[in-house]
Amino acid sequence: MKTCKITPADLDKKWVTVDATGQTLGRLASEIARILRGKHKPTFVPHLDCGDNVVVTNAAKMVLTGRKLEQKNYYHHSGYIGGIKETSAAELMEKHPERLLEFAVKGMLPKSKLGRQIYMNMKVYAGAGHKHEAQKPEVMAPRTASGE
């Protein structure tokens, strides 16, 4: 049996569009991270960017379960003493709903140069429209609870 070596020339990257309407943030983010990484393909290798490009629409219509809108907080630091800033998920959903999904997916990708490169393959839009129609993206059907 011969081992097949995958090179960047062997990879075929597709464009996939995902509608986030009514989908739970974490479940949607894990599915997007899996597609971005390329783990759904038989040619997956962990050291190459072999995933697809993902376009997410309707990020403003995503759902957070429980009381996460009030209780979940996001932090960032300005670099100055006492410069920590806190934003609740409700504020972020109101002002920049696409950032909620971006933060969730980024946390699920590798923390390396490859992870930062893979993250650039995701485009998130709060509304229904996007500017990637020229790439002819395929529509990804949401996975059900049974995994189909």
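No value in this document is a laboratory result; all are computed from the given coordinates. Computed from a predicted structure; not experimentally measured. Counting neighbours? That spans all protein chains shown, and the Cβs are built from the backbone with ideal geometry, glycine included.
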*asked:* If I build a Gaussian network model for the chain, linking alpha-carbon pairs within less than 10 angstrom, which residue out of 62, 120, 93 has the largest mean-square fluctuation?
replied: 120
_Within a Gaussian network of the chain (alpha carbon springs, distance under 10 Å), most fluctuating of 127, 82, 51_ = 82
*Gaussian network model of the chain, springs between alpha carbon atoms under 10 Å - residue of 88, 112, 30 with greatest fluctuation*: 112
*Which longest run of the chain has no exposed loop site in it, a site being chymotrypsin sites (Phe, Trp or Tyr not before Pro) in a DSSP loop with at most 16 other beta carbons within 10 Å, and the site itself not part of the run?*
81-148
*May I ask for the angle, rounded to the nearest 10°, between helix 25-37 and the longest principal axis of the chain, with both axes built from Cα atoms and the value confined to 0 to 90°?*
30
*Rounded to the nearest 5, what is the percent of antiparallel bridges among the DSSP beta bridges in the range 1-147?*
30
*Scale the Cα Rg of the range 47-148 by the rule-of-thumb value 2.2 N^0.38 Å and send over the ratio, two decimals.*
1.26
_10 Å Cβ shell holding at most 10 others, DSSP loop, trypsin sites (Lys or Arg not before Pro): longest site-free stretch of the chain_ = 6-66
*How big is the gap, in Å, between the Cα center of the range 94-145 and the Cα center of the range 23-84?*
7
_Given 85/123; 95/136; 13/131; 39/123; 5/136; 13/68, the pairs whose alpha carbons are separated by over 23 Å_ = 85/123; 95/136; 5/136; 13/68
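Could you please rank 84, 35, placing first whichever residue has the fewest other Cβ atoms within 10 Å of its Cβ? Please report the intermediate quantities before stating the final value.
Working: 84 10, 35 20.
Going from sparsest to densest Cβ surroundings: 84, 35.
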_Going Cα to Cα from residue 2, which lysines come in below 20 Å? Please leave out same-chain ones fewer than 8 positions away._
41
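With n ≥ 4 as the cut-off for DSSP H runs, can you work out [θ] at 222 nm for the chain, using -39500 (n - 2.57) per run divided by the number of residues, rounded to the nearest 500?
After summing the helix terms and dividing by residue count, I get -8000 deg cm²/dmol.
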